[in-house]
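To keep things clear, I will list the structure first and then write my remarks on it.
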Amino acid sequence: MRTNHLPSEVREIIEELRRERIRGATWMAAKGAEAYIVLAKHLRGEELKEGIRTLGRLLMETNFTMASLYNLVGFIPVSEVPSVVEERAREFLRLVEESKKEIGKIGSELVENGDVIITHSFSSVVLEIIRSAKQRGTSFKVVLTESAPDYEGLALARELSKIGIPYEIITDAQMGLFSKEATLAFVGADNITKDSFVINKAGTYSLALSCHDNSVPFYVATESFKFHPALESKDVKLFERPYTREGQRIRNVLFDITPWKYVRGIVTELGILVPPREI
């Protein structure tokens with residue numbers, strides 16, 4: 001694929017997306033929208049249209065599991081007019097921020113005084129729910145997994161420290177043990193398939209199972225642009241990244257698939273949806 005016609009700033013954003021290990025689908029989609037804005041500032045006419053098509057292919061290839069990138073590409077028109085492309089990309093960025101804030105408000109209403117929230121990986125919308133619950137004056141604790149091998153949980157712990165939320169970090173292997181102490185579970189999502197299955201950081205399925213076994217309400221928090229309009233769970237190709245330790249190759253599939261039957265509800269900016277009836 002010819003990419004040398006793309007501005008260097010756009011290629012740098014693509015490389016940043018490829019290197020990213022901690023931040024998830026919301027951040028990646030927002031960076032992708034920024035790439036379209038940069039593209040529109042440098043190209044016009046047929047060159048812009050070709051650049052939009054190329055950028056779209058590169059974004060989806062960066063991580064084909066993430067519905068946010070798929071929907072972003074479909075959101076941006078293949079236009080030769082820079083202002084049209086830039087305004088559409090900025091509209092997507094506004095949607096990202098507004099959706100996150102609304103999910104925070106809706107999700108925080110589920111949190112009660114004395115709750116123990118268990119979560120896995122780093123979701124910016126789950127963090128927004130926690131922040132909103134704190135602002136409402138609710139007192140609660142968070143149990144979070146370290147989320148190996150990229151340790152997104154440690155990044156979440158740093159954010160919780162900044163806003164004064166008490167937390168406890170556990171190894172991923174202790175999900176089943178600590179879910180018995182939880183009263184509520186929140187995770188993010190990289191993709192909600194057409195048949196309502198949840199694609200998220202590997203380990204999400206394990207947490208959902210342990211919460212189900214211990215009667216802990218398991219909620220997924222995600223923006224509507226992470227709902228895939230066409231992809232079904234049987235067709236999902238899970239992304240795997242090479243990983244070695246002490247010279248040994250270790251399987252490192254980054255995502256897993258959680259059946260909707262283990263999900264109490266999906267918290268979106270549109271409200272709390274109950275799969276599959278309302279999706």
Exposure ranking of Ser99, Ser215, Ser224 by accessible area [1.4 Å probe, largest first] | Ser215, Ser224, Ser99
At 0.692 mPa s and 37 °C, Stokes diffusion of the range 44-162 via Kirkwood alpha-carbon radius, µm² per second = 195 µm²/s
Give me the accessible area of Phe225, 1.4 Å probe, in Å² rounded to the nearest 10.
-> 10 Å²
Could you calculate the FRET efficiency of Arg249 with Asp213 from 1/(1 + (r/R0)^6), where r is the beta carbon distance between them and R0 is 41 Å, rounded to 0.05?
-> 0.80
Under unit Cβ charges (Lys, Arg +1; Asp, Glu -1), what dipole magnitude, rounded to 20 debye, does the chain have relative to its Cα centre?
-> 180 debye
Per residue of the range 20-28, in order, report the coupling 6.51 cos²θ - 1.76 cosθ + 1.60 (Karplus, θ = phi - 60°) as ³J(HN,Hα) in whole Hz, putting x for Gly and Pro.
-> 4, 10, 9, 6, x, 5, 5, 4, 5
The chain: longest stretch without exposed trypsin sites (Lys or Arg not before Pro) (DSSP loop, at most 14 other Cβ within 10 Å), sites themselves excluded?
-> 22-135
Helix 204-213 versus the longest principal axis of the chain: what is the Cα-based angle in degrees, 0 to 90, to the nearest 10?
-> 30 degrees
To the nearest 10 degrees, how steep is helix 152-162 against the longest Cα principal axis of the chain, on a 0 to 90 scale?
-> 80 degrees
Charge dipole (debye, nearest 20) of the range 193-277; +1 at Cβ of Lys and Arg, -1 at Cβ of Asp and Glu | 160 debye
Of all DSSP beta bridges having both residues in the range 82-205, the percent classed as antiparallel (nearest 5) is 15 percent
What percentage of the solvent-accessible surface of the chain, computed with a 1.4 Å probe over protein heavy atoms, is contributed by carbon and sulfur atoms?
-> 49 percent
Taking the Cα centre of the chain as the origin and placing charges on Cβ (Lys, Arg +1; Asp, Glu -1), which of Leu17, Pro166, Pro276 is farthest toward the positive end of the dipole?
-> Leu17
Give me the percent of DSSP beta bridges within the chain that run antiparallel, rounded to the nearest 5.
-> 40 percent
Along the three principal axes, how long is the range 1-70 when you take its alpha carbons, biggest first, rounded to the nearest angstrom?
-> 35, 18, 17
Looking at Val126, Val81, Leu93, which one has the Cα that reaches farthest to the positive end of the dipole of the range 77-137 (charges on Cβ: Lys, Arg +1; Asp, Glu -1)?
-> Val126
Just subtract the alpha-carbon distance of Arg241 and Thr183 from 0.36 nm times their residue separation and send over the number in nm, one decimal.
-> 17.5 nm
Using heavy-atom solvent-accessible surface (probe 1.4 Å) with all chains present, what is the largest-first order of Thr119, Thr244?
-> Thr244, Thr119
Lysines with Cα under 30 Å of Lys194, excluding same-chain neighbours fewer than 8 positions away | Lys31, Lys49, Lys100, Lys101, Lys105, Lys226, Lys234, Lys237, Lys261
What full-extension length gain, to one decimal in nm, is calculated for Asp115 and Ser79 as 0.36 nm per residue of separation minus the Cα-Cα distance?
-> 8.0 nm
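The values are calculated or read from the model by the stated rules, or taken from the named source; none is laboratory data. Everything numeric in this text was worked out from a predicted model, so none of it was measured. Every residue, glycine among them, receives a Cβ derived from its backbone with ideal geometry; neighbour counts consider all protein chains shown. In case anyone asks, the SASA skips ligands and DNA or RNA and just uses the protein heavy atoms, side chains included. Shrake-Rupley method; radii C 1.70, N 1.55, O 1.52, S 1.80 Å.
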